[in-house]
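Single-structure report; data block below.
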Amino acid sequence: MTSRQGLGVTGGTPYGFDVGNSERGNVLKGLDLGVEGMKVGGQRLVIVPPELAYGKKGVQEIPPNATIELDVELLSIKQSPFGSPVKIVEG
């Protein structure tokens with residue numbers, strides 16, 4: 001799935017999240033870890049094992065214990081009002 005094709009988590013728009021805050025449940029821990037060290041304009045294939053994705057429960061069309069592949073492009077880094085950087089990614 002890709003947000004570029006309108007099939008991703010936000011229906012075709014880039015997906016942004018607070019880096020380092022995967023414990024809140026806003027982003028997969030595997031994606032959070034996978035974007036570490038990326039620079040704006042960088043692209044990366046992030047392979048997320050089940051224990052860093054949805055695990056035994058699965059979600060919607062993603063079956064339990066699925067390994068997820070995310071093709072990520074870092075579009076920009078923005079400062080959040082709370083002081084932590086926010087990476088805007090598309091994948």
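Bear in mind that the values in this text are calculations on the coordinates, not laboratory data. Because the structure is a prediction, the values reported are computed rather than measured. Reconstructed Cβ throughout: ideal geometry from the backbone, glycine too, with neighbour counts over all protein chains shown.
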> Would you pick out the residues in region 54-69 that are more than 13 Å from the chain's Cα centre (by Cα) and assigned to a strand (DSSP E or B)?
Replying inline: Val59, Ile62
> Can you tell me which residues in region 50-66 are surrounded by 13 or more Cβ atoms within 10 Å (Cβ to Cβ) and either of a type in the set (S, T, N, Q) or over 16 Å from Gly20 (Cα atoms) (or both)?
Replying inline: Pro50, Tyr54, Gly55, Gly58, Ile62, Asn65, Ala66
>> Quick check on my filter: what residues within region 33-49 are closer than 16 Å to Ser76 by Cα, surrounded by fewer than 13 Cβ atoms within 10 Å (Cβ to Cβ) and either under 13 Å from the mean Cα position of the chain (by Cα) or without any contact (Cβ under 8 Å) to a residue 12 or more places away in the chain (or both)?
In response: Glu36, Gly37, Gln43
> Name the pairs: first residue in region 60-75 and over 25 Å from Lys39 (Cα atoms), second residue of a type in the set (Asp, Glu) and part of a loop (DSSP other than H, G, I, E, B), Cβ to Cβ under 6 Å, at least 6 apart or on different chains?
Replying inline: none
> How many residues are under 21 Å from Pro14 (Cα atoms) and either part of a loop (DSSP other than H, G, I, E, B) or not hydrophobic (A, V, I, L, M, F, W, C) (or both) when one looks only at region 24-53?
Replying inline: 20
